[in-house]
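The next block holds one structure in the form of structure tokens; read it before the comments.
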Amino acid sequence: SPAMSRAPGPPDGGWGWVVVFGAFISIGFAYAFPKGIAIFFKEIQDFFGTSYSEIAWVSSIMLATTYGAGPISSILVNRYGSRPVVIFGGLLCGIGMVSAAFCTSILQLYICAGFITGFGLALNLQPSVIIIGKYFLKRRPIANGLAMAGSPVMLCTLAPLNQFLFDNFGWRGSFLILGAILLNCCVAGALFRPIGASTASVKTQVTEEGKGALKEEVTKDAVEMSSPMDVPIETKMQEEGGKDCCEKINQYLDFSLFKHRGFLIYLIGNVLMFLGFFAPIVFLAPYAKHIGIDEYSAAFLLSILAIVDMIARPTTGIIANSKWVRPRIQYFFSFSIAFNGACHLLCPLASGYMGLVIYSIFFGLAFGMVCAMLFETLMDLVGAARFTSAVGLVTIAECCTILLGPPIGGTLIDTFGDYKYMFIKCGAVMVLAGTFLFIMNYYNYRVLAKEEKERKAKEEDPKSVRTANEGRNNWNKETIQDGPELEPLREEQEGLKKEVNGT
């Protein structure tokens, strides 16, 4: 009955922990699967007789679809709630991998493993993040931290498991079994018991007016998830009234952000960074096999990376939240990107297995640092109210470079017959991105401080009669600049929310 299904507020526990467990599984698969599948690349490559860059597209398409389909996933969750979306996503993942086992050409692999499985993983990711926000408020940082740990834990497990499956069943058999394993996402989705308005909207047939009201409540839920400050909720609610589908989509993507200086700096830096972000993970195991390391040790490198990543993420979250780092988080983020690049630049110097183990440890640390701050820095720049839109726009833009990164790396490997140029390219790109973000954020803060000073001077000086025009310019500046850049501490209570959408 509708009366029962409406909970008074987030229970902050109870069944919520079961939901966290479900989210742990589905988020883990969504992030770790495209990386873990790289174990099979060398063998599939020999089987089809293709080049490295061609095979790297499989991981790329999967990653890019998972990222790019994010907005579609959010819209579906608003419409149908988290449970059906995740269950459907799990089915898609299973279908994609099982059909990939019967592929006879590399193109079919792109479609089955890349697009279908990638889209299934996208439908796993967003709903899991959103449902945690409905079950938790006070303990949300802890809940999100636990759920996000799914990504490195799964990578630890998947890398050796994939190698074991391959040795026993070949890559086709492995794909069949992995398809079956991915169906566990459906089980995880089934645990997402709806809470609040969404149950009523799915289960009970209501009159037209009732439907409108419920729709408002569902969207309100989603908006609350994205904006911890209570002020914008009311205004958004009133606008919510009679929106049709196009306007709904528009609500996710606030295009005025392209006038926002901080957002543009973040976007350019990140799009550049993603050219070198995933390629080294995708090629780490094949590279180890290439220099004559046995398969299990090669797969174990990914596990080492994931274990360090697991520790690095929460630690970075705590450090970034401290009162010394918090106001300078943009610089900390720039540093961690450049640190990532430095690791890749030094990787070709690593000779033998021990060298690669050391590289994996540092790479895991650097990777975890970037992932932990990826969304926090964006929220710091645009403010919580416009965060949902910003994430949508950023993931769509990043899609292209995520897609191109690994194949460009593969092309370099094919051309030179050596992996070191791929690592050097990734390293150089990331050092460049880190430096760009550092310099531009420094410049941005200086300009903002100057604008603030000018505004204060104008307010204090009684003689300056502000012309209407001046007033308008100033107002524009204020809207473009959007408060939170100057006071990142305002979201102190945010805790570890950024890791929600981490990687």
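The values are calculated or read from the model by the stated rules, or taken from the named source; none is laboratory data. Just so you know, these numbers come straight off a predicted model, no measurement behind them. Don't worry about glycine lacking a Cβ; one is built from the backbone with ideal geometry, like all the others, and counts go over all protein chains shown. To get the accessible areas, we keep the full protein, side chains included, count just its heavy atoms, and leave off ligands, DNA and RNA. Shrake-Rupley method; radii C 1.70, N 1.55, O 1.52, S 1.80 Å.
Here are the numbers:
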quantity: Subset tally (residues that are buried (at least 20 other Cβ atoms within 10 Å of the Cβ), in contact with a Phe, Trp or Tyr (Cβ under 8 Å, 6 or more places away or on another chain) and of a type in the set (S, T, N, Q)) for the range 67-106; calculated: 2
quantity: Flag if MET440 is crowded, with 22+ Cβ neighbours inside 10 Å and of a type in the set (A, V, I, L, M); calculated: no
quantity: Verdict on LEU109 being assigned by the TED database to the domain that holds ILE75, open to solvent by less than 40 Å² (accessible area, probe 1.4 Å) and not charged (D, E, K, R); calculated: yes
quantity: Scan of the range 36-66 for residues that are free of Cβ contacts under 8 Å to residues at least 60 places away in the same chain, open to solvent by 10 Å² or more (accessible area, probe 1.4 Å) and under 23 Å from ILE396 (Cα atoms), ordered by number; calculated: THR65
quantity: Residue list for the range 112-142, restricted to those being out of contact with any Leu (no Cβ under 9 Å at 6 or more places or on another chain), open to solvent by 40 Å² or more (accessible area, probe 1.4 Å) and at pLDDT 85 or above; calculated: PHE115
quantity: Test for VAL357: is it touching a Phe, Trp or Tyr at 6+ places or on another chain (Cβ under 8 Å) and not assigned by the TED database to the domain that holds SER74; calculated: no
quantity: Output for the range 307-328, where each listed residue is under 12 Å from THR377 (Cβ atoms), over 19 Å from the mean Cα position of the chain (by Cα) and among the aliphatic types (A, V, I, L, M); calculated: VAL325
quantity: Output for the range 101-141, where each listed residue is assigned to a loop (DSSP other than H, G, I, E, B) and without any contact (Cβ under 8 Å) to a residue 40 or more places away in the chain; calculated: CYS103, THR104
quantity: Near pairs, Cβ below 7 angstrom, 6+ apart or cross-chain, from the range 314-329 (more than 17 Å from GLY434 (Cβ to Cβ)) to any residue that is charged (D, E, K, R); calculated: GLY317/GLU499
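Residue by residue, here is whether (1) under 13 Å from ALA288 (Cα atoms); (2) surrounded by fewer than 19 Cβ atoms within 10 Å (Cβ to Cβ) holds:
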{"position": "SER336", "(1), (2)": "no, no"}
{"position": "ASN340", "(1), (2)": "no, no"}
{"position": "CYS343", "(1), (2)": "no, no"}
{"position": "LEU349", "(1), (2)": "no, yes"}
{"position": "GLY352", "(1), (2)": "yes, yes"}
{"position": "VAL357", "(1), (2)": "yes, yes"}
{"position": "SER360", "(1), (2)": "yes, no"}
{"position": "ALA366", "(1), (2)": "no, no"}
{"position": "MET373", "(1), (2)": "no, no"}
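Per-residue answers, yes or no, for (1) in a helix (DSSP H, G or I); (2) modelled with pLDDT of 85 or more; (3) crowded, with 21+ Cβ neighbours inside 10 Å:
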site: PHE263; (1), (2), (3): yes, yes, yes
site: LEU272; (1), (2), (3): yes, yes, no
site: LEU284; (1), (2), (3): yes, yes, yes
site: LEU301; (1), (2), (3): yes, yes, yes
site: ARG313; (1), (2), (3): yes, no, yes
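Conditions (1) in contact with a strand residue (DSSP E or B) (Cβ under 6 Å, 6 or more places away or on another chain); (2) on the phi > 0 side of the Ramachandran plot; (3) without any contact (Cβ under 8 Å) to a residue 24 or more places away in the chain, marked per residue:
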residue	(1), (2), (3)
SER336	no, no, no
GLY341	no, no, no
LEU345	no, no, no
ILE358	no, no, yes
GLY364	no, no, no
GLY383	no, yes, no
CYS400	no, no, no
MET430	no, no, no
ILE439	no, no, yes
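Yes or no, residue by residue, for (1) in the same structural domain as VAL77 (by the TED database); (2) touching a strand residue (DSSP E or B) at 6+ places or on another chain (Cβ under 7 Å); (3) farther than 18 Å from THR117 by Cβ; (4) open to solvent by 10 Å² or more (accessible area, probe 1.4 Å):
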residue: ASP167; (1), (2), (3), (4): yes, no, yes, yes
residue: SER174; (1), (2), (3), (4): yes, no, no, no
residue: ALA180; (1), (2), (3), (4): yes, no, no, yes
residue: CYS185; (1), (2), (3), (4): yes, no, no, no
